[in-house]
Amino acid sequence: METIITYRRRSVTREDVATIRRIIEVHPDKSRRFISKEVCRQWDWRQPNGVLKDMVCRSLLLLLESKGFIKLPAQKFTPANPLAERKKLSGVRVDDTPMHCSVADLFPINLEQVRRTPFEKIFNGLVSEYHYLGYTQPIGEHLKYMAFSGGRPIACLAWGSAPWYIGVRDRFIGWSKKTRERNLHLIANNLRFLILPWVQISCLASYLLASNRQRLSQDWQDLYNHPVYLLETFVDTE
């Protein structure tokens with residue numbers, strides 16, 4: 001079957017376009033969101049965790065319409081753009097009393113997954129204010145953690161989907177292009193790692209990374225229905 005366009009590694013054929021046209025014809029009063037989800041269901045186009053690739057499909061539909069292959073129903077409403085309208089995160093007040101001690105003196109250290117919890121706004125604010133890269137809302141699969149000692153936040157860690165291609169990483173693993181495409185979702189990338197500036201404790205960073213590594217895969221499994229087998233991070237060599 002002739003491929004007329006390739007989008008996000010999916011080859012779209014004229015038969016696929018005919019399927020989309022039939023869905024639109026059968027459901028002339030339905031929204032673009034409905035059309036997108038129905039296309040995903042008929043193609044069985046899903047993320048590794050089984051969720052329909054709805055947003056990717058919507059982008060594909062817009063591309064096909066721009067090239068004249070299909071005619072989508074009229075747009076019913078324009079959703080707000082949270083990235084364009086998001087206000088700068090306001091400062092977060094926490095106990096910033098200097099901490100100079102050993103890691104053992106902080107025990108017990110509680111590492112909590114805070115995404116979709118009341119602590120997420122505190123996480124976002126601390127990273128925005130104190131991380132040298134600031135805060136950027138992760139796209140795709142991601143988790144956020146905060147470390148606490150005696151009820152005080154001492155660190156923030158965020159993990160997200162791995163970059164599509166990194167030569168040195170892929171050579172280290174030794175996988176082929178097809179294997180990478182099939183298994184990239186099993187890698188998590190350390191998006192942010194912040195130890196709050198008034199917390200100056202030797203070996204704390206290594207302890208937190210080790211603690212996070214022990215639980216990250218299960219937390220990923222709980223939310224996204226698949227584990228994580230490899231963690232990666234970028235390092236500022238200066």
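Between the amide H of ILE5 and those of VAL12, distances stay under 5 Å, these residues lying 5 or more places away or on another chain, with hydrogens modeled in the peptide plane.
Legend: calculated FRET efficiency, SER206 to VAL94, from the Cβ-Cβ distance at R0 = 35 Å, rounded to 0.05, equals 0.90.
The residues neighbouring GLN218, those whose beta-carbon lies less than 15 Å from its own, together hold a net charge of -1 under the Lys/Arg +1, Asp/Glu -1 convention.
Based on DSSP H segments of at least four residues, each scored -39500 (n - 2.57), the chain has a per-residue ellipticity at 222 nm of -11000 deg cm²/dmol.
Ranking of ARG213, ARG169 by neighbouring Cβ atoms within 10 Å, starting from the fewest: ARG213, ARG169.
The residues GLU141, GLU2, when put in order of fewest to most other Cβ atoms within 10 Å, stand as GLU2, GLU141. Along the range 44-51 the Karplus relation, 6.51 cos²θ - 1.76 cosθ + 1.60 evaluated at θ = phi - 60°, assigns HN-Hα couplings of 6, 8, 9, 6, x, 8, x, 6 Hz to successive residues, with x for each Gly and Pro.
On full extension, the segment bounded by ASP29 and GLU2 gains 6.7 nm, given 0.36 nm per residue less the C-alpha separation. Sequence-distant contacts, meaning Cα pairs under 8 Å at least 6 residues apart, place the relative contact order of the chain at 16 percent. Among VAL51, VAL168, VAL56, VAL114, sorting on how many other beta-carbon atoms sit within 10 Å of each Cβ, with the fewest leading, yields VAL168, VAL51, VAL56, VAL114. A cut-off under 12 angstrom between Cβ atoms defines the neighbours of LEU63, and their net charge, with Lys, Arg +1 and Asp, Glu -1, is +3.
Remark: for residue pairs LYS76/LYS144; LYS37/LYS67; LYS30/LYS67, the C-alpha separation exceeds 25 Å in LYS76/LYS144.
We did not get these values from a lab; they are worked out from the coordinates using the rules stated. Nothing here was measured: the structure is a model prediction, and the numbers come from that model. All Cβ positions, even for glycine, are placed from backbone atoms using ideal geometry, and neighbour counts span all protein chains on display.
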